[in-house]
Amino acid sequence: MKLFEYQAKQFLAKYGVPIPKGSVASTPDQARQITTELGKTVVIKGQVHSGGRGKAGAVKLAKSPEEAYQIAKELLGSTLFFAQANAHMRIDNVLVEEALSIKHEIYLAITQDRATQRDVLIVSTMGGIDIELVAHDNPEAISKTPIDPLLGLTDYAARDALFAAGFDKTLINKAVVLLKSLYASYVGTDASLAEINPLVITQDGALIAGDAKWLIDDNAIFRQPQIASLATEVDEDPIEAEAHRRGIQYVRLEGGKIGIIGNGAGLVMTTMDEVKRAGGTPADFLDIGGGAQAESVRSSLEIILSDPNVKGVLFNIFGGITRGDEVAKGIVEGMATLNVRIPIVVRLAGTRAAQGAEILQGASIVSAETMQDAAQKIVELANS
Ligand code: GDP
Ligand code: MN
């Protein structure tokens, strides 16, 4: 899960990394108000899940509250192209911060390094610009220091990294403290990437995080309630958001017409392939998992039916620990309680498939023997 810059900076601040004074605005009036309170030149930054915002025109200086109002008005609600993400993105919020008097820009990051099976601290004095470019043109300008998972980031390892990068020697002690705070925030938020680019060295020798890019390991969200609560704001797709609230593994696919439910990721993906082969387009990926109970089957059907693009639903169940009768019960309950107006094809095999078929007798579904047969049937029915 990605955090916005303004969210990531709150975590940095919490762990003691200095950030510029400022706050987030969703209206031009708020931007003007924040600028008035700061009482100096501000930088206004569109909040999107992409870097390269400077180049895209989403980072701008404002010398007065009035100018801040105008720039915020231009940026808020606008959609810009971000080359780094290769996508158009709408700006819903801007971060309004005191502008920094930049002397030097440093690149800092902590991330996972699969080669050493460690977290790695990355430092470069060629900050501000795209780190991939630096890596390509000046690989020697980047220092990489593996972090011992038992010791954490020690003073000497941080110092080594800074020396190796050619960091200003007079500021090294200050930078070591900052790096340790950065590491604490990385560990504390279960991040897989914590990047500060640029870390600004100001004219008067202060170190301040000018930007922050953060990735949280999705497998850790369950133990990060504060971050999980940010996720609902970020979830763009309302149906996906609802599915995730219900604990359902669901991915909505653009432009598809056939809703797909299966047990096990591999089976669901294969089912998607079969639907494609039969000339259809999958509307989603939904995995009820192993051992699903009737209620979660019903709930999954409800999620799929809430997508107005769906013109037919295909159940493909290969029972192991998942029981055919339990799935069938869920389907029957779904048919009884949800307003189902589209065709449903069910293929049940494996554990208790026969009992499942009995339960489905009389339900207005079409049953199929094989996955291929099921895919063909649902595509035909959805088209007619
Ligand atoms: P990014 O382009 O999405 O990575 O956004 P950044 O926050 O890194 O901003 C891009 C560039 O804007 C920085 O590298 C700076 O060179 C420049 N910039 C100019 N003035 C300021 C300032 O006061 N604060 C910050 N953060 N950046 C500034
Ligand atoms: Mn940046």
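Results, tabulated for the structure shown:
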| quantity | calculated |
| --- | --- |
| Near pairs, Cβ below 8 angstrom, 6+ apart or cross-chain, from segment 327-340 (without any contact (Cβ under 8 Å) to a residue 40 or more places away in the chain) to any residue that is outside any helix (DSSP H, G or I) and among the charged types (D, E, K, R) | none |
| Every residue from segment 68-83 that is outside any loop (DSSP other than H, G, I, E, B) and free of Cβ contacts under 8 Å to residues at least 24 places away in the same chain | GLU74, THR79 |
| Looking only at segment 194-214, and only at residues there that are of a type outside the set (Asp, Glu) and surrounded by fewer than 18 Cβ atoms within 10 Å (Cβ to Cβ), the one that is farthest from ligand 2 (Cβ to nearest atom) | GLY205 |
| Residue among ILE221, ILE172, ILE227 that is under 23 Å from SER101 (Cα atoms), in a helix (DSSP H, G or I) and either more than 16 Å from ligand 1 (Cβ to nearest atom) or free of Cβ contacts under 8 Å to residues at least 24 places away in the same chain (or both) | ILE172 |
| Within segment 271-352, strands (runs of 3 or more DSSP E) holding 1 or more residues that are over 26 Å from the mean Cα position of the chain (by Cα) | 312-319, 344-350 |
| All positions within segment 26-56 that are in a loop (DSSP other than H, G, I, E, B), open to solvent by 30 Å² or more (accessible area, probe 1.4 Å) and either farther than 20 Å from SER101 by Cα or modelled with pLDDT under 95 (or both) | SER26, THR27, HIS49, GLY52 |
| Meets criteria (modelled with pLDDT under 95 and farther than 23 Å from SER296 by Cα) for GLU236 | yes |
| Residue that is surrounded by the most Cβ atoms within 10 Å (Cβ to Cβ), among those in segment 360-380 that are in contact (Cβ under 8 Å) with a residue 60 or more places away in the chain and of a type in the set (Gly, Ala, Ser) | ALA375 |
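The values are calculated or read from the model by the stated rules, or taken from the named source; none is laboratory data. Source: prediction; values computed, not measured. In this analysis, Cβ positions are derived from the backbone assuming ideal geometry, glycine residues included, and neighbour counts consider all displayed protein chains. Keep in mind that these areas ignore ligands, DNA and RNA; they rest on the heavy atoms of the full protein, side chains included. Shrake-Rupley method; radii C 1.70, N 1.55, O 1.52, S 1.80 Å.
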